[in-house]
Amino acid sequence: MGMTMTQKILAAHCGLEKVEAGQLIEADLDLVLGNDVTAPVAIGEMKKMNVDGVFDKDKIAIVLDHFTPNKDIKSAELCMCAKKFSQEHDITNFFETGEVGIEHALLPEKGLVVAGDVVIGADSHTCTYGALGAFSTGVGSTDMAAGMATGKAWFKVPSAIKFNLTGVPAKWISGKDIILHIIGLIGVDGALYKSMEFVGDGVAHLSMDDRFAMANMAIEAGGKNGIFPVDDKTIEYMKEHSVRDFKVYEADEDAVYDEEYTIDLSALKPTVAFPHLPENTRTIDEVGEVVIDQVVIGSCTNGRMEDLRIAAKVMEGKHVKKGVRCIVIPATQKIYLQAMEEGLLKIFIEAGAAVSTPTCGPCLGGHMGILAKGERAVATTNRNFVGRMGHPESEVYLASPAVAAASAITGKISCPCEVVE
């Protein structure tokens, strides 16, 4: 039996010619990631190990993005803990306010992850980097501590599900719509501890930003990781952003998959996940009349340049509905600057939206957009659990940037086709 893409990467990183699903391995790590919420816990655990320093100061990234700019004393103390640790150990890739970005947009932008890498991060959406053909997965803070100390991590080799993507997406269909469709199809535990491998001729029609969004939400189907084959678009992206060497792994023709699905991208419609699970999806024509109070365009899922461009295209020359709050959060400083230079921020501000410095804030109910009891938000984020963005009796609807922008204009969940001629 052959190996999947993920299995080949893991085999190479544990010094074996072959691994099989279910096998326990210890793999070498190319990068260990933590943020202002998870890194302080890992730092505390690492101190208990009585180890002498970190395994490699260049292979650890600490990104202060969740409750920053610091929203209160506790968040400031968490950031201070991470900052002192980074200074003490001379961590190369330490990022805080002013040069920070939302971690899963920042690391690829900085060229810290490339194809063939094994990456762990004390954040569940670390699976984002599978868009680059890397094996990346979220872990707990204890595993992050062990990773920082030893440069290794234990894994159970995952089995895999193959998603054959065919056809060309219609107008307004983005990676967010595709992954919401898939999660709606298989459920939030449909890929539990499995590798979600996206293949097929349809992949060529997906931008890197589409792929980042899809790999990012693999965890919302329970996946251990999401991963795309490396093609010309991937290589172009890596060459533009990184000076590191990369290695391309391809699944064997006789690789074993637990299940296979074929998704015709040309047949998809804009898709919205209703409260309170990402699997609770409806196409835009099934939504009905859902009046909203807030729109958030941003996050590690959809805060990249393409996301902002499509939102600006929908909102240009229009105004946010009276009584609706619209918050736009570019995912990194570089994206913020580029959006400013392209005139996108002007469009958002003239439309009545607020533009924030990069932060995860509202996605996890941290700050910059908390919901009151009974309020509804359309968000380009990745989770809509009970109380995720504020009060337990608020509601979050997940959607693409195009749908979110259109909804901000109309004051209800809307198709962008209703707003843009």
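Adding -39500 (n - 2.57) for every DSSP H run of four residues or longer, then dividing by how many residues the chain holds, sets the calculated 222 nm ellipticity at -8500 deg cm²/dmol. Which whole-angstrom value gives the distance between the alpha carbon centres of the range 286-309 and the range 1-68? A separation of 32 Å, based on Cα centres. Find out how many positive minus negative residues lie around ILE292, taking Lys and Arg as positive, Asp and Glu as negative, among other residues whose Cβ is under 10 Å from that of ILE292. Here the charged neighbours net out to +1.
Using the alpha carbons alone, the radius of gyration of the range 272-421 stands to its Kirkwood radius in an Rg to Rh ratio of 0.93. Between MET1 and LEU364, the FRET efficiency estimated from the beta carbon spacing at R0 = 25 angstrom works out to 0.05. Within the straight-line cut-off of under 18 Å between alpha carbons, the lysines reachable from LYS321 are LYS313, LYS346, LYS412, sequence neighbours fewer than 8 places apart in one chain being disregarded. Of the beta bridges in the chain, as assigned by DSSP with both residues counted there, near 20 percent are antiparallel.
Given a 1.4 Å probe and the protein chains as shown, ARG325 ends up with an accessible area of around 90 Å².
Multiply the residue separation of ASP58 and GLU240 by 0.36 nm, subtract the distance between their alpha-carbon atoms, and state the gained length in nm to one decimal. Please report the intermediate quantities before stating the final value.
On the way: separation 182, 0.36 × 182 = 65.52 nm, distance 2.01 nm.
Here the segment from ASP58 to GLU240 would lengthen by 63.5 nm.
The tail of the calculated P(r) for the range 1-144 beyond 18 Å holds 57 percent of all Cα-Cα pairs.
Over all alpha-carbon pairs in the range 61-149, figure out the percentage whose distance exceeds 15 Å.
On the way: 2421 of 3916 pairs.
I get 62 percent for the Cα pairs in the range 61-149 exceeding 15 Å.
The Rg/Rh ratio for the range 242-319, using Cα coordinates for both the radius of gyration and the Kirkwood hydrodynamic radius, is 1.08. Ranking of PHE246, PHE94 by solvent-accessible surface, largest first: PHE246, PHE94 (1.4 Å probe, protein heavy atoms only, all chains present). The GluC sites (Glu not before Pro) of the range 260-344 that DSSP puts in a loop, and whose beta carbon has at most 11 other beta carbons within 10 Å, are GLU289.
The range 170-230 and the range 341-386 have Cα centres lying 23 Å from one another. Treating only the Cα positions of the range 280-351 as identical point scatterers, give the base-10 log of I(q)/I(0) from the Debye formula at each q in 0.19, 0.21, 0.24 Å⁻¹. Summing over Cα pairs of the range 280-351 leads to -0.83, -0.96, -1.13.
Couplings 3J(HN,Hα) for the range 128-141, derived from phi with the Karplus relation 6.51 cos²θ - 1.76 cosθ + 1.60 (θ = phi - 60°), are 3, 6, x, 4, 8, x, 9, 8, 9, 8, x, 9, x, 5 Hz, where x marks Gly and Pro. Looking at the range 14-96, the GluC sites (Glu not before Pro) that sit in a DSSP loop and have at most 16 other Cβ atoms within 10 Å of their own Cβ are GLU17, GLU20. Computed across the range 1-86, the Kirkwood hydrodynamic radius from all distinct Cα-Cα pairs reaches 15.3 Å. Loop-located chymotrypsin sites (Phe, Trp or Tyr not before Pro) in the range 293-394 (DSSP state other than H, G, I, E, B) with a sparse environment of at most 16 neighbouring Cβ atoms within 10 Å: PHE385. With viscosity set to 0.692 mPa s and temperature to 37 °C, compute the Stokes-Einstein D of the range 101-221, Rh being the Kirkwood radius across alpha carbon pairs; µm²/s, no decimals. Calculated translational D: 218 µm²/s.
Can you give the translational diffusion coefficient of the chain in µm²/s, computed by Stokes-Einstein from the Kirkwood radius over Cα pairs at 10 °C and 1.306 mPa s? Before the final figure, lay out the partial values.
Details: Rh = 21.4 Å.
Estimated via Stokes-Einstein, D reaches 74 µm²/s.
Can you put PHE55, PHE212 in order of accessible area, largest first, using a 1.4 Å probe? If you can, show how the numbers build up before the last one.
Numbers: PHE55 65, PHE212 0 Å².
Final ranking, largest accessible area leading: PHE55, PHE212.
Could you please put LYS8, LYS171, LYS313 in sequence from largest to smallest accessible area, using a 1.4 Å probe? Display every interim value, and only then the final one.
Values: LYS8 50, LYS171 130, LYS313 105 Å².
Of LYS8, LYS171, LYS313, the descending order of accessible area is LYS171, LYS313, LYS8.
Using C-alpha pairs under 8 Å with a sequence gap of at least 6, the mean separation divided by the residue count of the chain gives a relative contact order of 17 percent.
Hey, what D do you get for the range 177-288 in µm²/s if you plug the Kirkwood alpha-carbon radius into Stokes-Einstein at 37 °C and 0.692 mPa s? Rounded, D is 214 µm²/s. Volume per residue for the range 339-421 equals 99 cubic angstrom (convex hull of Cα atoms).
The heavy atoms of SER174 present about 30 square angstrom of accessible area, all protein chains included, probe 1.4 Å. Label separation (ALA372 vs GLU286): 3.3 nm, computed from points 7 Å beyond Cα along the C-beta direction.
The values are calculated or read from the model by the stated rules, or taken from the named source; none is laboratory data. Keep in mind it's a predicted model, so treat the numbers as computed, not measured. Cβ coordinates were reconstructed from backbone atoms using ideal geometry, including for glycine residues, and neighbour counts include every protein chain displayed. Remember, those area values only see protein heavy atoms, side chains included, never the ligands or the DNA or RNA. Shrake-Rupley method; radii C 1.70, N 1.55, O 1.52, S 1.80 Å.
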